[in-house]
Amino acid sequence: MALRKISDLWQWCERHSFLLFYLLCKYRFSHWNSDRILSYQESRIRNRLRFVLRKSEFYRRHYSGCDTSDIWNLPVTGKTIMMENLTLFNTRGLEKDEIIEFCLKAERSRDFSKRLRGLNVGMSSGTSGNKGVEITSPGEENLLRAAFFARFAFPKKQKINLAFILRVTSPAFTLNKFGHRLTYIGQLDSIENIIKKLDDLQPNIISAPPSMLKVLAREAEEGRLHVKPLKIVSYAEVLYPDVRAYLRRVFNCEVHEIYKCSEGAIAISCRYGNLHVNEDIVAIELQNKDGSPTAPGNPCHRLIITDLHKSTLPIIRYELNDIITLSTQECKCGSHFRVIEKIQGRADDLFWGLRKTDGARHFIYQDYISRNIISVSNRIDEFQAIQKDYEHLVLRIQLNPETEEDEKAKIREELISIIRKVFTDYNCREPEVAVIFAEPLKNINSGKLSRVICEIKEV
């Protein structure tokens, strides 16, 4: 009992002491080996299990009749399960209707500064039928902030002046202490206002989705944006190699990544630009279709995440719809925290073809669709590929305004040809491809751009 109390006290200190958790994060990243990482994760998961069995009616029911000592084989959860049971899922007594109404009110007013019963509550991305929520306490925000400062490769011997370009604001993204500054800039603001704010701030770090970073790079190329960041940080969307190279060339600095979702802060780039899993914050499991572990170097079929610290909205063996590949190589930084080699997009953003031989369904990674589209012409500023059914595909292509009509005709012809070839390369039947020269459509709830959308329901 005494040891349990000491352990609880230590964990409280971790959550509430920025400096302590900052130092622990730096030490763990630099010194822990694989065995120490696994031991810590298993200890934290068992701690989370004890907590939720006391505090969460959902988890008590979910694990009823299960051997909770077998932590890696407990039943999974996911967004649908969480949202259906949201009242019982959270541990702070919040009602589902109360949470949803609070989020919708914030979305309508565009005021995301308010808290619900002292908690930061927001709507995560998703279609109208698949909304998610994120609920965090000040202590949990403090922990994530400390981890970010400990892990991220900030410019040496300089005060941090970081501009976050985000869809929504959060207290977690605002800081002005000890000469360091984190500033939120609304992603839905006009490009003119965003440029003015950046010019006024003169940040040495800019963080935004790749689509926004690409716009800013063009504004800089054309002389309308005058900033000289030391680092660029990409988040929220897949950062393609060609976009990374373009940003690096325009801004003449390194491009890093943050891989975070509402369910957990999964990974942060080290000083070498490699995306390391935050092994002391989340435990991730990569599985093949048959449930066996996915070997490094191979894309997973299922990605399961457990947040090792979150108590307000506990995330235990929660299945994400992301597809990732772990690297087979150790990073030169020396950390044993695993490296994510590739984020291949969302699992539900896979395209599907029908094999020519037997008519069976076969997946087509969105990465191949995207890469082929952008390879057609440097006149393509933005794109969106929508698979309506197995036989029909729509491309919304945003071209540079200076594109001539004869160029458009050639681009249309090449797009149709190259998309059909992608399906042929997978030994699948070629679909009909319609090309619309128009701006891609953003999700009305999240404001995010999904470049590859499949409207076929997986069976």
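The values are calculated or read from the model by the stated rules, or taken from the named source; none is laboratory data. Quick caveat: nothing in here was measured; it's all calculated off a predicted structure. We place every Cβ from the backbone using ideal geometry, glycine too, and count neighbours over all the protein chains shown.
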* **In segment 421-441, the residues that are touching a strand residue (DSSP E or B) at 6+ places or on another chain (Cβ under 7 Å), modelled with pLDDT under 95 and outside any loop (DSSP other than H, G, I, E, B)** => Val422, Phe423, Cys428
* Asked: Do you know which of the residues in segment 183-202 that are among the polar types (S, T, N, Q) and surrounded by fewer than 12 Cβ atoms within 10 Å (Cβ to Cβ) is modelled with the lowest pLDDT?
  -> Ser190
* Here are some residues: Ile6, Ile99, Ile37, Ile81. Which one is among the hydrophobic types (A, V, I, L, M, F, W, C) and at pLDDT 95 or above? -> Ile37
* Report, ordered by the first and then the second residue, all pairs with beta carbons closer than 6 Å, sequence separation of six or more or different chains, a first member in segment 93-105 that is under 14 Å from Ile135 (Cα atoms), and a second member that is polar (S, T, N, Q) and in a helix (DSSP H, G or I). => Glu95/Thr87; Lys96/Thr87
* Where a residue in segment 370-397 is acidic (Asp, Glu) and its partner, wherever it lies, is part of a strand (DSSP E or B), with Cβ under 7 Å and at least six apart -> Asp381/Gln398; Asp381/Leu399; Glu382/Gln398; Glu391/Glu432
* Asked: Of the residues that make up segment 367-379, is at least one in contact with a Phe, Trp or Tyr (Cβ under 7 Å, 6 or more places away or on another chain), assigned to a strand (DSSP E or B), under 21 Å from Glu237 (Cβ atoms) and of a type in the set (A, V, I, L, M, F, W, C)?
  -> no
* **Residue, modelled with the highest pLDDT, within segment 84-95, restricted to residues that are under 24 Å from the mean Cα position of the chain (by Cα) and surrounded by fewer than 19 Cβ atoms within 10 Å (Cβ to Cβ)** => Asn85
* **Members of segment 56-100 found to be part of a loop (DSSP other than H, G, I, E, B) and in contact with an Asp or Glu (Cβ under 7 Å, 6 or more places away or on another chain), listed by number** => Val76, Gly78
* **Within segment 17-34, considering residues that are in a helix (DSSP H, G or I) and of a type in the set (A, V, I, L, M, F, W, C), the one modelled with the lowest pLDDT** => Phe18
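Residue under question is Lys356, and the condition is that it be assigned by TED's automatic domain parsing to the domain that holds Asn427, touching an Asp or Glu at 6+ places or on another chain (Cβ under 7 Å) and among the basic types (Lys, Arg); does it hold?
No, not satisfied.
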* Any idea which of Leu49, Leu53 is free of Cβ contacts under 8 Å to residues at least 24 places away in the same chain, outside any loop (DSSP other than H, G, I, E, B) and more than 20 Å from Phe337 (Cβ to Cβ)? -> Leu53
* Out of all the residues in segment 117-139, is one or more more than 24 Å from the chain's Cα centre (by Cα), at pLDDT 85 or above and of a type outside the set (Gly, Ala, Ser)? -> yes
* So which strands (runs of 3 or more DSSP E) are wholly in segment 233-349 and hold at least 2 residues that are farther than 30 Å from Leu94 by Cβ and out of contact with any Lys or Arg (no Cβ under 8 Å at 6 or more places or on another chain)? -> 339-346
* Any residue in segment 146-160 that's in a loop (DSSP other than H, G, I, E, B): show its pairings with residues that are at pLDDT 85 or above and among the basic types (Lys, Arg) at Cβ separation under 6 Å, as long as the two are six or more apart or on different chains. => Ala153/Arg271
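For (1) basic (Lys, Arg); (2) modelled with pLDDT of 95 or more; (3) outside the structural domain of Asn47 (by TED's automatic domain parsing), each residue gets a yes or a no:
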position: Pro209; (1), (2), (3): no, no, no
position: Glu221; (1), (2), (3): no, no, no
position: Leu230; (1), (2), (3): no, no, no
position: Cys253; (1), (2), (3): no, no, no
position: Tyr259; (1), (2), (3): no, no, no
position: Val282; (1), (2), (3): no, yes, no
position: Arg302; (1), (2), (3): yes, no, no
* Asked: Is it true that Ser269 is among the small types (Gly, Ala, Ser), crowded, with 18+ Cβ neighbours inside 10 Å and over 25 Å from Ser43 (Cα atoms)?
  -> yes
